[in-house]
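Chemist: Below is the structure I would like to discuss, written out as structure tokens.
The values are calculated or read from the model by the stated rules, or taken from the named source; none is laboratory data. Note that this is a predicted model, so its numbers are computed, not measured. Note that each Cβ is placed from the backbone with ideal geometry, even for glycine, and that neighbours are counted across all protein chains shown.
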Amino acid sequence: MTLSGGHALVRSLAAHGVDHVFGIPGMHNLEIYSWLGTYGIAQTAPRHEQGAGYAADAYARTTGRPGVVVTTTGPGLLNAATAAAQAYSDSVPLLLVSPGMPVRHPATGGGRLHETKDQSRALGAIVERSHRATTVAAVETAVARAFGFLTGRERPRPVHIEIPHDVIIERADLGAAPPLARPVPAAAAPRSRIEAAARTLLHGTATIVAGGGSRGAAAEVAALAELLGAPVVTTANGKGVLSERHPLSLGVGLHLPAVRARLETCDVVVAIGTELAEADFWCDPPALANVVRVDLDPGHGGRHVLTGDAAPTVRALIECLPPPGRRARGADVPLVRRARDARAREQGRRWLAGLAAVRAELAADAIITSDSAMACYYGALPNLPIGPEGRYLHPTGYGTLGYALPAAIGAKIAAPGRQVVALSGDGGLQFAVGELATAAGLGLPLPVVVFDNGGYGEIRAEMLARGDVPRGVDHRTPDLPAIAEAYGCAGTVAPDPAALGEALRHALRRPRPTVIVVPEEAP
């Protein structure tokens, strides 16, 4: 067949199971967009490429398959760079595709439209890898290699493919497409290492830390916890891996003193799919004497590093352990849980009643997206319970603002039959408020709950704690319900929990987005 570079790209994406892409058409990528319909690939055009990146990120977190972003050259791609960095931080499989300068473009530049000094190198400093395909034949090979990484047995992280815009329109005779990159079957860590790790768990107390890498091992995490009588604390990305109503659950709580003390004093910590990073603890991680680590990334430290997929590795670990003895090794868990809950509720007390109203209206499998807002990280993350059937999508490590709304769009596209709710602050929403138009155009029944404290409350509080005069953090919130109506959405104010519950109930049934503003006093 004689194919253009853009045609070869779309043919290869379709062959690898891509059925939806996010992005904004531009002068240099029109040949790509012209072939999407031919191969049955749907496309969502947000109002900003950063929104495209967040939507694709949430699509990937929801489906477990790579999310795909197609941008134009230069500003289009760089607009998506923050979303790519967030995906890198949270280990999300994201593919970014963009045009680039022509193959024979002079190294000194030539003043072309969207010219960037070294676009591929710029993205390569943010994502896991960036590849420039300089011939039509190389395009499909680049896609196959990208999917080989994105679906392989490595830590999932974003990849960028750059196709020079002369190659996108150039035509060449191509034979059969390169072999598809097939997902690599899950595999456990080596048996000898698992047996050695199991021996350390036979005596003393254990605590399990479940991160985002344990999402596919919910049943195994629960079984290991019950066998060991060990409490399970999760990172933000692992929230709900063990039902947060389970008696051994400590929820999202690595930042809470009672949980940190349990980690520091127990005999062994079992870390499953987590870096145990500063972003998880909200401060420097504690010194842990004995760690059994289950992770795809062999670079992490620990006394026993089990490099393998979480589910089969934890199953093999369970097989190496004897039945539980008479002594209940988790006898102190209720005490730790009470102390943990007391501190979490104290930090989140301003939002508890409203979050309870939200939880009462949601199905067990609802998807909740959140922003880097106080109501989310002090309120919902530690205090709004979910289980393995639900999902909570939060921009953890990179801590970006503006994630909740476009992520909710991506999640709803990925799972149209499930409830999706976005939780945001007034500051974060205004980073991405234009995506209300995207959601309205799609006719999505999408509630967007906005906790309004008149600016950037966390930074305001930190300035005051330093004894500084707050600067640049207090902003008059515009009439968000009116803005929502202008974009074709519904908008309302919920002054109390009862009103919030009622507004959310109607919003979940309304065939368009609804902005629900919850006023609160500035901290």
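Chemist: Could you grab me the full set of residues in the range 92-114 that are assigned to a loop (DSSP other than H, G, I, E, B), of a type outside the set (A, V, I, L, M, F, W, C) and at pLDDT 95 or above?
Modeler: P93
Chemist: Checking V143 against (1) part of a strand (DSSP E or B); (2) crowded, with 24+ Cβ neighbours inside 10 Å, which single condition isn't satisfied?
Modeler: For V143, the failing item is (1).
Chemist: Moving on. Within the range 312-330, how many residues are part of a loop (DSSP other than H, G, I, E, B) and over 30 Å from A380 (Cβ atoms)?
Modeler: 10
Chemist: If you take the residues in the range 494-523 that are among the aliphatic types (A, V, I, L, M) and surrounded by fewer than 19 Cβ atoms within 10 Å (Cβ to Cβ), which one is farthest from V420 (Cα to Cα)?
Modeler: Looking at the filtered set, the residue picked out is A522.
Chemist: Applying the selection to the range 231-261, what residues are of a type in the set (D, E, K, R) and either crowded, with 24+ Cβ neighbours inside 10 Å or assigned to a loop (DSSP other than H, G, I, E, B) (or both)?
Modeler: K239, E244, R245
Chemist: Which residues, taken from the range 15-53, are among the aliphatic types (A, V, I, L, M) and crowded, with 17+ Cβ neighbours inside 10 Å?
Modeler: Those that are among the aliphatic types (A, V, I, L, M) and crowded, with 17+ Cβ neighbours inside 10 Å: A15, V18, V21, I24, I32, L36, I41, A52.
Chemist: Next question, about the same structure. Please state which of the following conditions G455 fails to meet, knowing it meets all the rest: (1) of a type outside the set (A, V, I, L, M); (2) at negative phi; (3) buried (at least 18 other Cβ atoms within 10 Å of the Cβ).
Modeler: (2)
Chemist: Only one of (1) within 24 Å of R350 (Cβ to Cβ); (2) in contact with a Phe, Trp or Tyr (Cβ under 7 Å, 6 or more places away or on another chain) fails for G455. Which number is that?
Modeler: The failed condition is (2).
Chemist: Could you tell me which numbered condition V184 fails, if it satisfies all but one of (1) within 32 Å of the chain's Cα centre (by Cα); (2) loosely packed, with under 14 Cβ neighbours inside 10 Å; (3) part of a helix (DSSP H, G or I)?
Modeler: (3)
Chemist: If A189 passes every condition in (1) surrounded by fewer than 17 Cβ atoms within 10 Å (Cβ to Cβ); (2) of a type in the set (G, A, S); (3) under 28 Å from the mean Cα position of the chain (by Cα) but one, which one does it miss?
Modeler: (1)
Chemist: Hey, another quick one. Looking for something at pLDDT 95 or above, touching a strand residue (DSSP E or B) at 6+ places or on another chain (Cβ under 9 Å) and within 19 Å of V241 (Cβ to Cβ) - is there at least one such residue anywhere in the range 346-354?
Modeler: Taking every residue of the range 346-354 in turn, none turns out to be at pLDDT 95 or above, touching a strand residue (DSSP E or B) at 6+ places or on another chain (Cβ under 9 Å) and within 19 Å of V241 (Cβ to Cβ).
Chemist: Would you point out which residue out of G204, G216 is over 19 Å from the mean Cα position of the chain (by Cα), not hydrophobic (A, V, I, L, M, F, W, C) and not assigned by TED's automatic domain parsing to the domain that holds V69?
Modeler: None of the other options fit; the residue is G204.
Chemist: Of these, A310, A366, which one is crowded, with 18+ Cβ neighbours inside 10 Å and closer than 25 Å to A440 by Cβ?
Modeler: A366
Chemist: Still on this structure, please answer the following. Which residue out of A490, A465, A499 is more than 28 Å from V21 (Cβ to Cβ), in contact with a Lys or Arg (Cβ under 7 Å, 6 or more places away or on another chain) and of a type outside the set (V, I, T)?
Modeler: The match here is A490.
Chemist: Same structure again: For the range 49-97, which residues satisfy the criterion of being among the small types (G, A, S) and either closer than 11 Å to G410 by Cα or assigned by TED's automatic domain parsing to the domain that holds G238 (or both)?
Modeler: Listed by number, the residues that qualify are G51, A52, G53, A55, A56, A58, A60, G67.
Chemist: Next up: Considering R191, R199, R145, which residue is at pLDDT below 95, within 26 Å of A56 (Cα to Cα) and not small (G, A, S)?
Modeler: R145
Chemist: Assuming T38 fulfils every condition listed in (1) more than 13 Å from the chain's Cα centre (by Cα); (2) not aliphatic (A, V, I, L, M); (3) not in a helix (DSSP H, G or I) apart from one, which condition is it?
Modeler: For T38, the exception is condition (3).
Chemist: So, one more: If you check D280, D341, which single one turns out to be surrounded by 22 or more Cβ atoms within 10 Å (Cβ to Cβ) and either closer than 21 Å to C376 by Cα or not assigned by TED's automatic domain parsing to the domain that holds G240 (or both)?
Modeler: Just one listed residue meets the conditions, D280.
Chemist: May I pose another question? Report, by residue number, each residue of the range 148-172 that is at pLDDT 95 or above, assigned to a strand (DSSP E or B) and out of contact with any His (no Cβ under 9 Å at 6 or more places or on another chain).
Modeler: I163
Chemist: If you scan the range 411-439, which residues turn out to be closer than 13 Å to A507 by Cβ and of a type in the set (G, A, S)?
Modeler: Residues satisfying the conditions are A422, A439.
Chemist: Also, quick follow-up: Which of the residues spanning the range 482-493 are surrounded by 15 or more Cβ atoms within 10 Å (Cβ to Cβ) and in contact (Cβ under 8 Å) with a residue 40 or more places away in the chain?
Modeler: Selection gives I483, A484, Y487, C489.
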